[in-house]
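Below is one structure, written out as structure tokens, with a few remarks after it.
The values are calculated or read from the model by the stated rules, or taken from the named source; none is laboratory data. Note that the structure is a prediction, hence the values are computed from the model and not measured. Cβ placement follows ideal geometry from the backbone for every residue including glycine, while neighbour counts extend to all protein chains displayed. Each accessible area value is taken on the protein alone, full model and side chains, heavy atoms only, with ligands, DNA and RNA left out. Shrake-Rupley method; radii C 1.70, N 1.55, O 1.52, S 1.80 Å.
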Amino acid sequence: LRRKMDPGELTYGRYLGIAEQVYLSALDNLHEAVLATRAARAIDLDYIEKRLDQIESDGIQESEEREVETLEGRRQLRAEQERRVEEILSLNEAAMTKLDATSAAIAAVRTQTSQAALDLETAMSELEILAERAPKYAASETTR
């Protein structure tokens, strides 16, 4: 950004400020993803699956209905936390894509006047014409 704009410009400050907010929000999201991951991992899915298999293999007794309900609730909580982490990480990826697109757009902006009088393609075309004419300037061998 500093290579394209003067740090004293208002536009420079706006770009830098909003990019910083995106960055800080992404860090906040990563923190939330860590907390949600820890919460999900605190729920022992292996135990839940084994216990549900035990209960279901013997046939669910009336006294076990509440346990089955709570076990399934914990399994659902873990799945929700895992989905939340995926959503957070997806949102961060979208933010990174926006930052990349903005960087590319800023990089494409010409902020300085060109040093050359011709664009590169025109200059190369002129050089090619000169190269084709070069043999015309060769000294002939019969003039010795």
Residue 118 being modelled with pLDDT under 95, not acidic (Asp, Glu) and not in a helix (DSSP H, G or I) | yes
Segment 1-23 residues that are outside any loop (DSSP other than H, G, I, E, B), paired with ones that are modelled with pLDDT of 80 or more and of a type in the set (Gly, Ala, Ser) (beta carbon under 7 Å, 6 or more apart) | 22/95
Tell me which of these residue 64 doesn't satisfy, since it passes every other one: (1) modelled with pLDDT under 95; (2) acidic (Asp, Glu); (3) open to solvent by 70 Å² or more (accessible area, probe 1.4 Å).
-> (3)
Checking residue 104 against (1) modelled with pLDDT of 95 or more; (2) of a type in the set (A, V, I, L, M); (3) open to solvent by less than 80 Å² (accessible area, probe 1.4 Å), which test does it fail?
-> (1)
Number of the condition not met by residue 84 [criteria: (1) open to solvent by 90 Å² or more (accessible area, probe 1.4 Å); (2) farther than 30 Å from residue 21 by Cα; (3) in a helix (DSSP H, G or I)] | (2)
Within segment 37-61, residues exposed (fewer than 11 other Cβ atoms within 10 Å of the Cβ) and farther than 17 Å from residue 82 by Cβ come out as 53, 54, 57, 58, 59, 61
